[in-house]
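K.L.:
Dropping the structure in here first, questions after.
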Amino acid sequence: MVKYSKFFKRAKEENFEALELIVKKTDRFSFSFFNNEIDSYKMSNSFVISARGIYNGKMGTAESEKLDKNTVDYLINRIKENALLLDSEDKTFIFEGSKSYKKKNVFNKKLAIATAEEKVKAIKKLDRAVRSSSELIKDVSTQYNEETQDYTILNSYGLKLRSKTNYAHVYTSATAVDQKNETKAAFIHRFISDIADLDEKRYAQEIAEKTIAQFGSAPCASGRYRCVFSPEATGSLLAAWLSNISAEQVQKKSSLLADKLQQKVCSNKITVTEEPLRKNPFFRYFDDEGVAAYNKVLI
Amino acid sequence: MILKKLAIEILNIATETGADFAEIYLEEDSHATISVDNGKVETIHDVLSYGAGIRLFNGLQSVYGYTNDLTSKGLKKLARDLAVSFSETRKIEVKTIKKVRQKKKNQPKIPYESYPREKIVEMLKEASKVMKNYDESVVRTTANFAYSNKKVEIYNTDGRHLTDYRSRGIASLLAVAAKEGKIETFRTAKGAQKEMEYFIKETDLNLEAKQVAASAVTMLSAKDCPSGKMPVVIGNGFGGVIFHEACGHSLEATSVSKGLSVFSGKKGERIASSIVSAVDDGTIEGAWGSGNIDDEGNKTRRNLLIKDGILNSYLIDDFNSRRMNEKSNGASRRQSYRFEPTSRMSNTFILPGKSTPEEIIASTRYGIYAKNMGGGSVTPATGEFNFAVNEAYLIKDGKIIHPVRGATLIGSGKEVLLHVDMVGNDLRREQGTCGSKSGYIPADVGQPTIRISEITVGGTGGKVKNG
């Protein structure tokens, strides 16, 4: 059991204005099939403690995966030394905490209690379904990755927030070879919260169609076209453009959206929302500074 | 990091259910990043990374696990948990382990962490100033220095115990230029396993700073790139990223052993034009991607991948060597203990040819000079790729005419190698971070200036006017 009070006590003794700790404990379990035989099986547990503190008016940071009697000294000394070299004029502060938080329990008990054997069996069935979905499918590789994370943020103002989440990710790549010996490849993936969520027939059909649809394709002549974007392609396009919306880029004038607040930046058919409170495997009711998460309209 | 006696106990626990091989990999890595943003020291971040990975083989099955708990109890528990994957009787037992000694290269005499950070900050601030002062359109600059001091210890059931110390530093620069609603971002990096003095005195970081700012400013006034099939001259150094991504990854045993690479089963066959030879060389003293030993404890090697256009060798790790029935060749790498190692590139480059870069440009009637490559994507099973060119110029009648923006190179690794018709004598290696199955690892990419006789170029400047 880690006594985090030691870190705050030591920070106070060293005249820190404030200190924040983020503690992440992660368990991972994964395996992969190649042509319906297990070829890899992995498991792990890991720990990391990240600290940032205000010393001499500047924000120093450090982190450690080693937890022993020297960890407090390591983190506090590194933060102090680093803070003394900083000369950024940005005002620094550690967020004290929001008035209220919209908590939700997103921990998937079914996924946590299912045995490794049950998961292996379900993925083997899925992998087999992909293999038998078409005669043209030659090689199939399916990976199952499961992660459970226990995330805690604490600060010297007394804030303590904890979130425990788990999810699984299933990824399949397939190659198909046609009569002309032409090879095509495709992949699909799903985030799931229960292995029962996997519809192997639909999954197999989707990847088979995605792979085989590429046969007989011809190069597209360059030019200006009217284009229809699938939701997946639209997501990729928007994700690339939306990197411009980060405050870091905007503040430092390296964003195409700098100084454009309340101005027209794209077609009026486009509305983009940021919804951290949506119940999915990535839900957390607070961000990495301890600010209560809330949904917002960006564009 | 752990005693030999404990290592033997752990290896024997790991193999009691039938594994025919087991390995313990222990790592302690102290790394730091110093970042100067717009001339101000904005962050300095220290990380102590610490953990161990245990790997078991049973025929063509591998089992891997890792933990930060390096106590006897923690490591034995991990070995027991992994051994549950098999249910056979014991095949091997470790009785003794012998320390394998190797020459210690690639190690700075003064560790990076002992070097005064004030001097590093001074170097970064100077480079930032050069970028900022280059032109008034430069709106943002960042200059970073990152280093890593990694101690590695490996024990395995072949009775081998190896230790290694790996120390790397990298200085990276970024310049953003903006004008009339256009933004251009350029990056460069210089990395090595050398003394800090190498970065302060031998590397002309200010010259790099000037060039990166110049590229960003130049591209602000570029015209739209024409599209169509045409010859493309790819500049030396980072131009080698196409070879790395579209050909190099397809030569790794990870995909070759399963028949998932376009180059599977092609050893001894022509896969490139006869003027193309390429190597992966993990032995270059002090180079960014080099190593004394690989992450399975095997000596690193210079592997001749392509000789005069003929496929000569793959990059093979111990596990995939079982599937391929070929010996591993010192090419197994991983980001950290969190990753199971597999075949990866180290310093990979096309060897120099006979033409001067000037001759290559002069003999091109119409085409594109791709001076600076950007990001791209590759489908490993087919080798099809798509790469953006960050800095490109139109070539007409043997002369570079003007910069062009938005150029994309579209092709396949298999075809592009066969269409190389000129290779320059100006080999240059540059430093990057390569991401794949076993994480992100330091790797050099490189090549001399080369010409592809014909490749599809995407662009918004209208169809190619051939001459």
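Where a number appears in this text, it was derived from the coordinates with a stated rule and is not lab data. Because the structure is predicted, anything quoted here is derived from the model rather than measured. Cβ: placed from backbone, ideal geometry, glycine included. Neighbour counts: every protein chain shown.
K.L.:
Which part of segment B:179-204 falls in the paramagnetic zone of residue B:129, meaning amide N under 17 Å from the point 7 Å along Cα-to-beta-carbon?
P.N.:
The answer is B:200-201, B:204.
K.L.:
So how long is each side of segment B:1-89 along the principal axes, counting just the alpha-carbon atoms, biggest first, in Å?
P.N.:
Principal extents (largest minus smallest coordinate, Cα): 64, 28, 16 Å.
K.L.:
Please state the equivalent ellipsoid semi-axes for segment A:62-117: what are the square roots of 5 times the Cα gyration tensor eigenvalues, largest first, in whole Å?
P.N.:
After diagonalising the Cα gyration tensor, the semi-axes are 37, 23, 10 Å.
K.L.:
Counting DSSP beta bridges with both partners in chain B, what percentage is antiparallel, nearest 5?
P.N.:
Beta bridges within chain B, antiparallel portion: roughly 90 percent.
K.L.:
Kirkwood hydrodynamic radius, segment A:29-144, all distinct C-alpha pairs: what's the number in Å? Mind dumping the intermediate values first?
P.N.:
Values: mean 1/r = 0.0515 Å⁻¹.
For segment A:29-144, the Kirkwood estimate is 19.4 Å.
K.L.:
Right, something else. Cα convex hull of chain A: mean projected area in nm², to one decimal?
P.N.:
Average of the hull's projected areas for chain A equals 21.4 nm².
K.L.:
Sticking with this structure for a sec: With θ set to phi - 60°, apply the Karplus curve 6.51 cos²θ - 1.76 cosθ + 1.60 along segment B:3-16 and write out the HN-Hα couplings as whole Hz, x wherever there is a Gly or Pro.
P.N.:
Working through the residues one at a time gives 7, 4, 4, 5, 4, 4, 4, 5, 4, 6, 5, 4, 9, 6 Hz.
K.L.:
Can you return the lysines within cross-link range of residue A:104? Criterion is Cα-Cα under 22 Å, with same-chain partners fewer than 8 residues away left out.
P.N.:
Within the straight-line cut-off, residue A:104 pairs with A:24, A:25, A:160, A:164, A:279, A:296.
K.L.:
Between residue A:10 and residue A:96, take the C-beta separation as r, use R0 = 22 Å, and let me know the FRET efficiency to the nearest 0.05.
P.N.:
0.60
K.L.:
Under 12 Å from the Cα of residue B:223, which aspartates and glutamates turn up, not counting those fewer than eight places away in the same chain?
P.N.:
B:391
K.L.:
In this model, which of B:5/B:95; B:109/B:190; B:182/B:463; B:76/B:98 are farther than 18 Å apart at the alpha-carbon?
P.N.:
Beyond 18 Å: B:109/B:190; B:182/B:463; B:76/B:98.
K.L.:
In addition: Once you list every other residue whose beta carbon is under 11 Å from the beta carbon of residue B:231, what net charge do they have if Lys and Arg are +1 and Asp and Glu are -1?
P.N.:
Net of charged neighbours comes to +1.
K.L.:
Could you give the angle, 0 to 90 degrees to the nearest 10, between helix B:205-220's Cα long axis and the longest principal axis of the Cα atoms of chain B?
P.N.:
The helix B:205-220 is inclined about 50 degrees to chain B.
K.L.:
Would you mind ranking A:266, B:247 by Cβ crowding within 10 Å, fewest neighbours first?
P.N.:
A:266, B:247
K.L.:
Provide the net charge surrounding residue A:111, with neighbours chosen by a C-beta distance below 14 Å and charges set as Lys +1, Arg +1, Asp -1, Glu -1.
P.N.:
Values: positive: A:28, A:109, A:110, A:119, A:164, A:190; negative: A:27, A:118, A:146, A:147, A:194, A:197.
Net charge around residue A:111: 0.
K.L.:
Can you list the lysines whose alpha carbon sits under 25 Å from that of residue B:354, skipping same-chain ones fewer than 8 residues off?
P.N.:
B:307, B:371, B:396, B:399, B:414
K.L.:
Same structure, new question: Sorted from fewest to most neighbouring beta carbons within 10 Å, what does the list B:299, A:3 look like?
P.N.:
A:3, B:299
K.L.:
To continue, here is another question. Once Rh for chain B is found with the Kirkwood sum over Cα pairs, what is the Stokes-Einstein diffusion coefficient at 10 °C and 1.306 mPa s, in µm²/s?
P.N.:
Result for D is 67 µm²/s.
K.L.:
How far, in nm, would the chain grow between residue A:70 and residue A:181 when pulled straight, counting 0.36 nm per residue and subtracting the alpha carbon separation? It would help to have the intermediate numbers written out before the result.
P.N.:
On the way: separation 111, 0.36 × 111 = 39.96 nm, distance 6.12 nm.
33.8 nm is the gain from fully extending residue A:70 to residue A:181.
K.L.:
Further, regarding this structure: Name the residues of segment B:402-419 whose amide N is less than 15 Å from a point 7 angstrom out from the Cα of residue A:220 along the C-beta direction?
P.N.:
Under cut-off, by backbone N: B:408-411.
K.L.:
I want to check the label-to-label distance for residue B:136 and residue B:87. Put each point 7 Å from Cα in the C-beta direction and report it in nm to one decimal.
P.N.:
Taking the two extended label points, one gets 7.8 nm.
K.L.:
What net charge do the residues around residue B:455 carry, taking every other residue with its C-beta under 14 Å from that of residue B:455, with Lys and Arg at +1 and Asp and Glu at -1?
P.N.:
-1
K.L.:
Another one. Between residue B:285 and residue B:354, what is the label-point separation in nm under the 7 Å Cα-to-beta-carbon projection?
P.N.:
Spacing of the two 7 Å Cα→Cβ label points: 3.2 nm.
K.L.:
Quick one: work out the % antiparallel among DSSP beta bridges in the protein assembly as shown, nearest 5.
P.N.:
Percentage antiparallel, nearest 5: 90.
K.L.:
Next question, about the same structure. Given points 7 Å out from each Cα along the Cα-Cβ axis, report the residue B:326 to residue B:119 separation in nanometres with one decimal.
P.N.:
The modelled label-to-label distance comes out at 4.5 nm.
K.L.:
Considering the zone a paramagnetic label at residue A:36 would reach in this model (a point 7 Å from Cα along the Cα-to-Cβ line), which residues of segment A:138-162 have amide N under 14 Å from it?
P.N.:
A:138-142
K.L.:
The protein assembly as shown: percent of C-alpha pairs farther apart than 52 Å?
P.N.:
11
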